[in-house]
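Structure first, commentary second.
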């Protein structure tokens, strides 16, 4: 398990222990039932992490274009699943793990892109034009990332799952619980919106 995730797990467990009345380390507890609730999902979590961390990281890296942001998305996804394991008997990832982890990676990466876009809004007088620093291909990728960040969350997710993750329209129809034709129309409209956003 990566150092980032291991540290996050320890932090999560220490917070969970405080909320459940568990004192000291995980092994000492006033209420053994509460201690079992916290400790029970760890083997399942470790197995999920080992099985799916590469899929989550690659998906987030393709979307964000930045290894540090991809690691942040990876951490966010697995902290969410860890929280679900302690609260739910049947977490969403248990039903269709591959699709759930890819979708979760897209959502986390989109959130990161939005935060990055919000931070990037600085005075243009102080900034050297990006075109002078970056190669045209890199500039195009960054424009696309910003345009995706401007989309509605579900539209951005749909676009990324189709064109970055390679899901078919049929797969997306099942995931989003819509007709296949509706997915095709939505994707067409999303591409038009991205085109307009990139031309601005």
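Every number here is computed from the coordinates shown, using simple stated rules; none is lab data. In this text the structure is predicted, and so the values were computed from the model without any measurement. In this analysis, Cβ positions are derived from the backbone assuming ideal geometry, glycine residues included, and neighbour counts consider all displayed protein chains.
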Point to revise | Residue-span extension gain [residue 174 to residue 193] - 0.36 nm each, minus C-alpha spacing | key: 4.5 nm
Practice item. Using a cut-off of under 19 Å, list every residue of region 149-168 whose amide N is near the label point 7 Å from the Cα of residue 185 along the Cα-to-beta-carbon line. Key: 152, 154-156, 158-159
Exercise for review: Treat each spin label as a single point 7 Å out from the Cα along the C-beta direction, and report the residue 163 to residue 42 distance in nm.
Suggested key: 4.4 nm
Check your understanding: By per-residue mean of other Cβ atoms within 10 Å, what is the highest-first order of 160-173, 180-193?
Key -> 160-173, 180-193
Revision key, fill the gap. Hits in region 178-200: amide N under 19 Å from the 7 Å Cα→Cβ extension of residue 139, namely 195-200
